[in-house]
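The values are calculated or read from the model by the stated rules, or taken from the named source; none is laboratory data. Treat the numbers as computed from the prediction; the structure is a model and nothing was measured. Cβ sites come from the backbone with ideal geometry, for glycine too, and all protein chains shown count toward neighbours.
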Amino acid sequence: MHVVETVLGLLVAICVLVVVARKLSVPYPILLVLGGLALSLVPELPRVELDPELVFVLFLPPLLCAAAWYTPWRDFRANIRPISLLAFGLVFVTTFAVAAVVHALVPSIPWAAAFALGAIVSPPDAVAATAVTESLGVPRRITTILGGESLVNDASGLVAYRFAVAAAVTGMFSPVEAAGRFVLLVVGGVAVGFAVGFAVAWLQKQIEDPPIEIALTLFGAYGAYLLAEQWGLSGVLAVVTTGLYYRYRSPEIMSPASRNQATAVWQMLEFVFNGLAFILIGLQLPYILDNLGGRSLSTLLGYAAVVSVVVIGVRLLWVFPATYLPR
């Protein structure tokens with residue numbers, strides 16, 4: 001089966017599974033992962049292998065920019081304190097906690113690898129969280145905080161992951177160097193995102209053609225990510241900054257009709273890329289299970305359950321004290 005036919009088939013499956021998920025009132029990411037797992041068991045379907053670098057470049061920019069587009073700048077700024085505490089403080093605390101527990105459970109796992117695992121699981125998924133909050137009807141402020149957290153926490157998680165992997169490869173780690181590098185990644189990524197957002201906004205104001213204006217927002221998202229990554233900065237924060245800048249300047253540089261069209265386009269892009277991301281995760285599961293290296297699946301599931309409890313427990317313990325920290 002050709003690549004085009006495979007992608008079209010996956011898109012049809014995504015539409016069907018999302019409709020079923022809404023009928024059953026369950027978060028659609030869960031059903032998409034299970035659907036991908038079921039599809040992977042069909043012998044006639046080709047094996048799908050993903051290049052991690054390609055996944056980052058292809059999926060992250062549009063998803064992050066879409067999330068930023070839907071985030072009102074006024075609400076984001078008003079809740080910047082709890083968002084920062086969750087997106088940075090909680091991610092790093094969770095990374096340390098998971099690393100300590102994993103190393104205690106399996107002493108043969110090096111500390112660097114344990115920290116890498118902690119960095120992977122510490123940022124909660126934005127789509128699943130949004131799906132749950134929408135179904136529960138939680139207050140708008142909580143939804144805003146969770147959405148704002150999800151915009152930024154991927155950056156802190158990726159930074160922690162990169163440092164852990166570098167330590168695992170080189171066998172060296174300097175806290176001072178890591179802190180300086182983190183500040184550079186954050187400040188540089190925000191600066192690149194602002195510059196790209198400003199340039200795109202200027203072009204949109206000159207062109208005043210809705211299809212081109214909308215296309216520029218997508219090109220800007222990819223451009224911000226690629227530029228920041230090329231310069232060794234945070235591509236995630238660059239895209240988020242660009243998206244927030246779009247949102248902030250859109251009433252000034254885009255007509256109401258253009259903004260409505262842009263919202264519809266971003267909704268479609270977010271749906272397609274989110275759906276593909278989750279169903280592809282399901283398609284990868286059998287090949288992951290085939291490479292367990294002789295380890296017992298039940299044992300690994302037990303470890304996964306412990307890690308899940310740690311992640312949830314640390315979040316609960318963090319949220320309440322952080323609420324009362326000095327402003």
- Close pairs (7 angstrom Cβ cut-off, 6 or more residues apart or separate chains): within 25 Å of residue 236 (Cα to Cα) in the stretch 205-225, aromatic (Phe, Trp, Tyr) and in a helix (DSSP H, G or I) anywhere: 217/246
- Keeping to the stretch 1-18, report how many residues are more than 23 Å from the chain's Cα centre (by Cα) and not acidic (Asp, Glu). 9
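Yes/no per residue for (1) out of contact with any Leu (no Cβ under 8 Å at 6 or more places or on another chain); (2) farther than 22 Å from residue 18 by Cβ; (3) free of Cβ contacts under 8 Å to residues at least 40 places away in the same chain; (4) acidic (Asp, Glu):
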residue	(1), (2), (3), (4)
264	yes, no, yes, no
267	yes, no, no, no
276	no, no, no, no
284	no, no, no, no
296	yes, yes, yes, no
299	yes, yes, yes, no
- Filter result for the condition that a residue is of a type in the set (Val, Ile, Thr), in contact with a helix residue (DSSP H, G or I) (Cβ under 9 Å, 6 or more places away or on another chain) and crowded, with 16+ Cβ neighbours inside 10 Å, over 20, 33, 16, 55: 33
- Message: What are the pairs with Cβ atoms under 7 angstrom where one residue, in the stretch 96-113, is free of Cβ contacts under 8 Å to residues at least 12 places away in the same chain and the other, located anywhere, is among the β-branched types (Val, Ile, Thr)? Sequence gap at least six, or different chains.
- Response: 103/109; 109/102
- Condition test on residue 115, is it modelled with pLDDT of 80 or more, more than 30 Å from residue 216 (Cα to Cα), among the aromatic types (Phe, Trp, Tyr) and buried (at least 17 other Cβ atoms within 10 Å of the Cβ)? yes
- So which pairs qualify, if the first residue must be in the stretch 7-30 and over 16 Å from residue 283 (Cα atoms), the second must be part of a loop (DSSP other than H, G, I, E, B), the Cβ gap must be under 9 Å, and the two must be at least 6 apart or on different chains? 20/26; 21/27
- Somewhere in the stretch 196-205, is a residue among the small types (Gly, Ala, Ser), surrounded by 20 or more Cβ atoms within 10 Å (Cβ to Cβ), modelled with pLDDT of 90 or more and under 18 Å from residue 154 (Cα atoms)? no
- Message: Being among the hydroxyl-bearing types (Ser, Thr, Tyr) and exposed (fewer than 15 other Cβ atoms within 10 Å of the Cβ) narrows it down to one residue among 170, 242; which is it?
- Response: 170
- Query: Within the stretch 211-327, which helices (runs of 4 or more DSSP H) (wholly inside it) include 2 or more residues that are at pLDDT 85 or above and under 22 Å from residue 80 (Cα atoms)?
  - Reply: 235-253, 297-323
- Message: Looking at the stretch 172-231 only, could you name the residues that are touching a Gly at 6+ places or on another chain (Cβ under 6 Å) and among the hydrophobic types (A, V, I, L, M, F, W, C)?
- Response: 196, 200, 224, 228
- Task: Please list, ordered by first then second residue, the pairs with beta carbon atoms under 9 Å, 6 or more apart or interchain, first in the stretch 228-253 and of a type in the set (Asp, Glu), second surrounded by fewer than 19 Cβ atoms within 10 Å (Cβ to Cβ) and at pLDDT below 90.
- Result: 229/56; 229/57; 252/205
- Failed condition for residue 159, given (1) over 19 Å from the mean Cα position of the chain (by Cα); (2) surrounded by 23 or more Cβ atoms within 10 Å (Cβ to Cβ); (3) of a type in the set (A, V, I, L, M, F, W, C): (1)
